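Shown next, in structure tokens, is the structure this report addresses.
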Amino acid sequence: MTHATPIRRDTFPNDFVWGVATSAFQIEGASEADGKGTSIWDDFCRLPNAIADSSNGTVACDHYSKWESDLDLVSSLGVDAYRFSISWPRVQPKGSGKFNETGFAFYDRLIDGMLARGLKPYCTLNHWDLPSGLQTSGGWSNRDTVQRFVDYACEVNSRFGNRLVSICTHNEPWVIAVLGHQTGSFAPGATSRLLAMQVAHNLLLSHGLTVTALRQLGCKASLGIVLNMSPSEGAQPNAADTAMAELEFGINVRWYLEPLLLGNYPSDVWKHLSTDVPTVAAGDMDCICAPLDFLGINYYMRTVVSADPTWKQRVPPENCTDMGWEIYPQGLSQLLLRLHHDYDLPPIVITENGAAFQDEVNEGSVHDSRRQEYLASHLIALNNAMHQGVRVDGYFIWSLLDNFEWSSGYTKRFGIVHVDYPSQQRILKDSAYWYRDFCNKKNSRK
Ligand code: FCB
């Protein structure tokens, strides 16, 4: 094995949490088993041309039946924590009313399985698979869904709250709002910016209300939310491109972050959105900015923008992942340092970072040196930011397994473990062995 870029665990704090991440819809399969209701992603997959390979989540990685050996895999890596999500329609098929005991029993086993292996459970409540029943009445664009989510979160807390180390309300509200309701490339496939902005607001509001409710219920888990973030840069160092980049960062990042941290929408973006701003009721903003125990950040790339509409970013293929995303590790340091400079931040957790590549299985091995290099270079960037004063408490690789990559179906492989879908066989890639070696270099500084 090559170790092109050396980075050691002992350059991070002793109590830094190392983990791997997945989400329910992307790995579980069993989409109709044991009383599970359908989700908007089950529905979206049925639309013509919605998914690149016309696939769906019916089987995925069959994690619903393979959860035990999958947890053994996680544990064999020597990580501290496992980030997973609960499928809302599995535990409450219609999104309101009756809960599904068989669904809860699955997560009960899963969480106990983590604890038995010494893994810290990091739970996400909403990783996009909203119960279809709620979509019939407008889904996240309907303010009523906010209360449905709080009820679901409280029920999860009553069953698992004292066993979970961390609870994240929503994964990447920007994706749900913009890709789900403005561009229509993700479920539920709507195409209205006004709707998208209302969805974003309702997601933030449901987050704030949930955090407050769980605290009142005495929940001891660390409570937070996960935002996707890319630093934005102008293509040219001129005023027009710089302003464009700042607006882009405002639309994609500050629009979500500032309500959470400051209790306000950023005025430049509010102005830019013109008539597409959300309806905000009295008291909403105070709810949204309930103190966070942690802020989760998913980092994959930077964005480069230009005021010139004919400009197109050209990244050489060797600097791109299979998603076409630019490999730009220094963007992670830049992003963290900017946030640290601009805001009074809660502790940060890097809840996702990783890369898709077309891996090949060679005599039972997967030599994914590019993924290994991607991960190592991002850990160096993370370490740099931390040494410059940014508090980061944990890092999770996306993903444990190759899985259903949303509208890309099974065509993109993000796992550090290869999944042969026909046989459901798992093969640790070189990057998994590298991460295992990295994690097992126990910290010598006490
Ligand atoms: C993030 C999602 C995750 C996965 C990665 C590649 O936006 O949270 O589910 O799809 O991208």
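Tell me which residues, restricted to the range 244-292, are small (Gly, Ala, Ser) and surrounded by fewer than 14 Cβ atoms within 10 Å (Cβ to Cβ).
From the range 244-292, those small (Gly, Ala, Ser) are 245, 250, 263, 267, 274, 281-283, 290; that's our starting set.
Scanning the range 244-292 gives Ser267, Ser274, Ala281, Ala282, Gly283.
The strands (runs of 3 or more DSSP E) falling completely within the range 328-446 that include 1 or more residues that are within 16 Å of the ligand (Cβ to nearest atom) and of a type in the set (D, E, K, R) map to 348-352.
Counting only residues that are within 16 Å of the ligand (Cβ to nearest atom) and hydrophobic (A, V, I, L, M, F, W, C), the range 222-240 holds 4 of them. On inspection, Ser431 does not qualify as touching a strand residue (DSSP E or B) at 6+ places or on another chain (Cβ under 9 Å) and under 22 Å from Leu335 (Cα atoms).
Taking the criterion of being within 16 Å of the ligand (Cβ to nearest atom), modelled with pLDDT of 95 or more and surrounded by 24 or more Cβ atoms within 10 Å (Cβ to Cβ), would at least one residue in the range 69-78 satisfy it? Break it down into steps so the answer makes sense when it comes.
Narrowing the range 69-78 to residues within 16 Å of the ligand (Cβ to nearest atom): none.
Within the range 69-78 (the criterion being within 16 Å of the ligand (Cβ to nearest atom), modelled with pLDDT of 95 or more and surrounded by 24 or more Cβ atoms within 10 Å (Cβ to Cβ)), the answer is no, since none of the residues qualifies.
Within the range 155-184, the set of residues being closer than 12 Å to Pro121 by Cβ, assigned to a loop (DSSP other than H, G, I, E, B) and of a type in the set (S, T, N, Q) comprises just one member, Asn162.
Here is a yes/no grid of residues against (1) farther than 23 Å from Asp322 by Cβ; (2) part of a helix (DSSP H, G or I); (3) under 22 Å from the mean Cα position of the chain (by Cα):
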site	(1), (2), (3)
Asp10	yes, yes, no
Ala30	yes, no, yes
Gly37	yes, no, no
Ala52	no, no, yes
Val59	no, no, yes
Glu68	yes, yes, no
Asp72	yes, yes, no
Gly78	yes, no, yes
Tyr82	yes, no, yes
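Of the candidates Arg163, Arg148, Arg143, the single residue that is farther than 27 Å from Val349 by Cβ and either in contact with a Gly (Cβ under 8 Å, 6 or more places away or on another chain) or surrounded by fewer than 21 Cβ atoms within 10 Å (Cβ to Cβ) (or both) is Arg143. Taking the range 167-194 as the range and being over 25 Å from Pro93 (Cβ atoms) and away from the ligand (no atom under 16 Å from the Cβ) as the test, the residues that pass are Gly184, Thr191, Ser192, Arg193, Leu194. For beta carbons closer than 9 Å, sequence separation of 6+ or different chains, a first residue in the range 384-401 that is at pLDDT 95 or above and a second that is away from the ligand (no atom under 16 Å from the Cβ) and acidic (Asp, Glu), the qualifying pairs are Asp393/Asp15; Gly394/Asp80; Leu400/Asp70; Leu401/Asp70.
Within the group Gly331, Gly324, Gly364, Gly296, which residue is touching a residue at least 24 places away in the same chain (Cβ under 8 Å) and surrounded by fewer than 17 Cβ atoms within 10 Å (Cβ to Cβ)? If you could, list the steps in order and put the result at the bottom.
Values: Gly331 fails: surrounded by fewer than 17 Cβ atoms within 10 Å (Cβ to Cβ); Gly324 fails: touching a residue at least 24 places away in the same chain (Cβ under 8 Å); Gly296 fails: surrounded by fewer than 17 Cβ atoms within 10 Å (Cβ to Cβ).
When all the criteria are applied, what remains is Gly364.
Just one residue in the set Ala187, Ala200 is over 28 Å from Gly394 (Cα atoms) and not aromatic (Phe, Trp, Tyr); that residue is Ala187. All of (1) surrounded by 24 or more Cβ atoms within 10 Å (Cβ to Cβ); (2) at positive phi hold for Gly389 with one exception: (1). Gly218 meets all of the listed conditions (1) out of contact with any strand residue (DSSP E or B) (no Cβ under 8 Å at 6 or more places or on another chain); (2) within 13 Å of Leu292 (Cα to Cα) but one, namely (2).
Residue by residue, here is whether (1) free of Cβ contacts under 8 Å to residues at least 12 places away in the same chain; (2) closer than 23 Å to His340 by Cα; (3) within 16 Å of the ligand (Cβ to nearest atom) holds:
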site	(1), (2), (3)
Lys220	no, no, no
Thr242	yes, yes, no
Tyr256	no, yes, yes
Val277	no, no, no
Ala282	yes, no, no
Met285	no, yes, no
Pro291	no, yes, no
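Listed by first and then second residue, the pairs with beta-carbon distance under 6 Å, at least 6 apart or on different chains, first residue in the range 402-417 and free of Cβ contacts under 8 Å to residues at least 40 places away in the same chain, second more than 9 Å from the ligand (Cβ to nearest atom) and in a loop (DSSP other than H, G, I, E, B), are Gly415/Asp402. For the range 214-234, the condition of being buried (at least 17 other Cβ atoms within 10 Å of the Cβ) and in a helix (DSSP H, G or I) holds for at least one residue.
Counting residues in the range 276-292 that are assigned to a helix (DSSP H, G or I) and either among the basic types (Lys, Arg) or more than 30 Å from Thr212 (Cα to Cα) (or both) gives zero.
The values are calculated or read from the model by the stated rules, or taken from the named source; none is laboratory data. In this text the structure is predicted, and so the values were computed from the model without any measurement. Quick reminder, even Gly has a Cβ in these numbers, built from the backbone with ideal geometry, and neighbours come from all protein chains shown.
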